[in-house]
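Student: My questions will all concern the structure given below.
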Amino acid sequence: MTTVLDGGLATELEARGHDLSDRLWSARLLLTEPEAIEEVHLAYFRAGAQVATTASYQASVEGFEAAGLDGATALQAIRRSVELAARARDRFRAEEAAAGRDPGQLRIAGSVGPYGAMLADGSEYRGDYDPGDATLVAFHRPRIETLVAAGVDLLAVETIPTVREARVLVRLLDETGVPAWISYTGRDGATTAAGEPFGEAIAVAASGRDVLAVGVNCTAPHYVRGLLKIARAATELPLVAYPNRGDTWDPESRSWRRDRAGSWNPAVVASWSVLGAAWLGGCCGTRPRDIAQLAAALN
């Protein structure tokens, strides 16, 4: 049984006319236009997604402070990200009930992005940072605790570029008792974004007590099959895969450069289920129509 994930939250917000060019990215709208985020979650549920990933990827105490806001505002935004996803789920359930349909199990995944995302310079696609374990713990713990307290069904620890950050996150996840998936970004078809062996990275992620799936996200689709094969050899856990559209992140303009545009193919993504990918979706550059096509391909 494959669970359909959502697609790019920020991508759809930008397509609807919202400016996400500052360092807080979609997290800014948690403060200024929260209803826009709720509408995008609802659009993905309508498209066939069974998981709403919260708009907390870029929401951290340090990130908000770097943008001139305080820590209390950051934690409030993180809580709101869960509330918005839950409201969208409630609305979709009501729509389905009115139509006499059973929407099945719908889950809220609290997004936990890497330390590199807070740096707002594309570090999550390079992994060229190492602030030390103590700093990583202090960075990740408040968001994880806030997401858990707000009632997420699971945690989406995503776009992790390095094994060392994954080790810290596994320790923190073991404290929560909440299920989670951990997904890395890949440099190519064999290594993490930092150039580490992908099998080693998967083994670290899979060591978490409550980790329910491991894999790859926000990586060009043509690398994912190779990475999933390595992951399948390294663990018996279910795998998760949600690639980006196939473009390249430009940290200078804070936008995606469409050098391989269009390489995200729903039929190809659906085919990864034979490799053990039980959680499939899209990341940056994908939209509700892509998730609808993926859901149809899987069915």
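Student: Per 0.36 nm of contour for each residue apart, how much would the distance between Ala138 and Leu212 grow if the chain were fully extended, relative to their Cα-Cα spacing? Before the final figure, lay out each step's value.
Tutor: Working: separation 74, 0.36 × 74 = 26.64 nm, distance 2.41 nm.
Contour length minus Cα-Cα distance gives 24.2 nm.
Student: What 222 nm value per residue comes from the helices of the chain, counting each DSSP H run with n ≥ 4 as -39,500 (n - 2.57) and dividing by all residues, nearest 500 deg cm²/dmol? Could the numbers behind the result be given before it?
Tutor: Numbers: 12 runs with 136 residues, N = 299.
-14000 deg cm²/dmol, from helical runs alone.
Student: Same structure, new question: How much of the DSSP bridge set in the chain is antiparallel, in percent, rounded to the nearest 5?
Tutor: Of those bridges, close to 15 percent are antiparallel.
Student: Just report the Cα centroid separation between segment 23-44 and segment 93-152, whole Å.
Tutor: 14 Å
Student: Percent antiparallel among DSSP beta bridges with both residues in segment 116-253, to the nearest 5? Can you show the working numbers first?
Tutor: Numbers: 2 of 15 bridges.
Roughly 15 percent of the DSSP beta bridges within segment 116-253 come out antiparallel.
Student: By the scheme Lys and Arg +1, Asp and Glu -1, what is the net charge of all other residues having a beta-carbon under 15 Å from that of Val211? Walk me through the intermediate numbers first.
Tutor: On the way: positive: Arg167, Arg171, Arg209; negative: Asp153, Glu158, Glu165, Asp174, Glu175, Asp210, Glu236.
Net of charged neighbours comes to -4.
Student: Can you compute 3J(HN,Hα) from phi for each residue in segment 156-167, using the Karplus curve 6.51 cos²θ - 1.76 cosθ + 1.60 with θ = phi - 60°, rounded to whole Hz and x for Gly and Pro?
Tutor: Coupling constants for segment 156-167: 9, 8, 10, 6, 7, x, 9, 5, 5, 6, 4, 4 Hz.
Student: Let me ask something else about it. Using θ = phi - 60° and the Karplus curve 6.51 cos²θ - 1.76 cosθ + 1.60, what whole-Hz ³J(HN,Hα) does each residue of segment 33-45 get, with Gly and Pro shown as x?
Tutor: Karplus-based 3J(HN,Hα) across segment 33-45 equals 9, x, 4, 5, 5, 4, 5, 5, 4, 4, 4, 6, 4 Hz.
Student: Right, here's the next one. Could you estimate the translational diffusion coefficient of segment 2-88 from the Stokes-Einstein equation, with Rh from the Kirkwood formula over C-alpha pairs, at 4 °C and 1.567 mPa s, in whole µm²/s?
Tutor: Details: Rh = 13.0 Å.
D = 100 µm²/s.
Student: When the scattering of the chain is computed by the Debye formula from its Cα atoms alone, each counted once and equally, what is log10 I(q)/I(0) at q = 0.09, 0.13, 0.17 Å⁻¹?
Tutor: -0.37, -0.82, -1.56
Student: Sticking with this one: At a threshold of 8 angstrom on Cα-Cα distance, excluding pairs fewer than six apart, so keeping six or more, what relative contact order does the chain reach in percent?
Tutor: Working: 650 pairs, mean separation 60.8, N = 299.
RCO, the chain: 20 percent.
No value in this document is a laboratory result; all are computed from the given coordinates. Please read all numbers here as calculations on a predicted model, not as lab measurements. Cβ: placed from backbone, ideal geometry, glycine included. Neighbour counts: every protein chain shown.
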